[in-house]
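Okay, so here's the structure we're looking at.
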Amino acid sequence: MQKTFSVLQGEKGNNKSALKVNKGIEQPSSFNPEAAKLFKDSKPGLLSIEEYVEGIRSGNRTILSKAITLIESSLPGHQQLAEKIMELCLPLSGNSIRIGITGVPGVGKSTFIEALGKELTLTGHKLAVLAIDPSSKRTKGSILGDKTRMEELATDANAFIRPSPSAGSLGGVAQKTKEIIVLCEAAGFDIIFVETVGVGQSETAVHSMVDFFLLLMLAGAGDELQGIKRGIMEMADAIVINKADGDNLRKAELAQREYKNALHLFPPTESGWIPFVSTCSAREKKGIKDIWDKIKEYEAQTKKNGHFEKQRKEQELKIMFETIKESFNDSFKNNLAVKNILPKIENRVLKGEISSYKAAKELLDVYFKNISADK
């Protein structure tokens, strides 16, 4: 017994031991040198307006990324600089097709975007992917993991992926997405993808800033998982059933027929376009080119009948009013007179001493009276 113990522990003066620790697998580096090559060096800190605009026009990804960061910033100084950059970039924008892509979590959005994206970049297109990541309403933090999910596209010289936090805005759509689209178009990207969170609320907002709206679906997932489809199917210009491969192929084909029949119940679209339903396997890259061909068909048809341009003009007006609403909301919340009286009003509402409507009217009266006094 003592001898056995000594063998396990190692004899005195003997380094041998029965205990053996296997060497672990070496982990890959988190730094991607191929992706880093796509970004040219530029001087640190803020640049001049001319340097930002010239860098964007020349396709410098580092400067484009810095300009996008300015747009996303809440600092007043950054916002003023971003506005001037936007003014100069606006005439250079508009020469792309903007495609919204949504679907429930797990439908394979990232795999689909990478498969379609590679199809486009290989044929000479320049693609920008604006992936809206859900963020915490409390901390504003987000995962921003799309570059890790689209490894091939992230190292593609003709692709640019920009994950943006939703910052708690409606349904997870980043408030600054439209401005980022303008910068990417000014940088020469002729195709813009806007990927939404896919939780059922962001689709309306994305629909109001893109030319073509694509809804990714799963076959046989059940209505509980696919609750996103209610009210959204009639907004879609295309419904694509992904993961149509292996044992799932028959289910996908059946789902395709069911959705085609369902679309016949919807009223005709204003664009005159008849939404199509198709299947694909993003993993096996099957059916991807057919989807792009259909998108090009849509673009040609709507440009010919004038709907393409009409829709974009209507979207600009909608964004204008949304911006006014957001600015008013910020102004109201930051008004000192409102801040002083707000806790008291809130307390009265909680105690049931005053209705919510009456409280809102009192706060608005204080706000407008304070605004008038300032003048």
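Each value in this text was obtained by applying a stated rule to the coordinates, not by laboratory testing. Everything numeric in this text was worked out from a predicted model, so none of it was measured. Cβ coordinates were reconstructed from backbone atoms using ideal geometry, including for glycine residues, and neighbour counts include every protein chain displayed.
Cross-link pairs exceeding 20 Å between alpha carbons, from the set 126/178; 109/318; 260/303; 126/310; 178/325: 109/318; 260/303; 126/310. Ranked by the mean number of other Cβ atoms within 10 Å of their residues, highest first, the peptides 269-280, 183-194, 100-111 fall in the order 183-194, 100-111, 269-280.
In what order do 368, 112 fall by count of nearby beta-carbon atoms within 10 Å, going from fewest to most? Ranked by crowding around the Cβ, least crowded first: 368, 112. When you count the other C-beta atoms within 10 angstrom of each residue and take the mean per peptide, 304-317, 243-256 line up highest first as 243-256, 304-317. Counting other Cβ atoms within 10 Å as a rough exposure proxy, the listed residues 207, 78 run 78, 207 from fewest neighbours to most.
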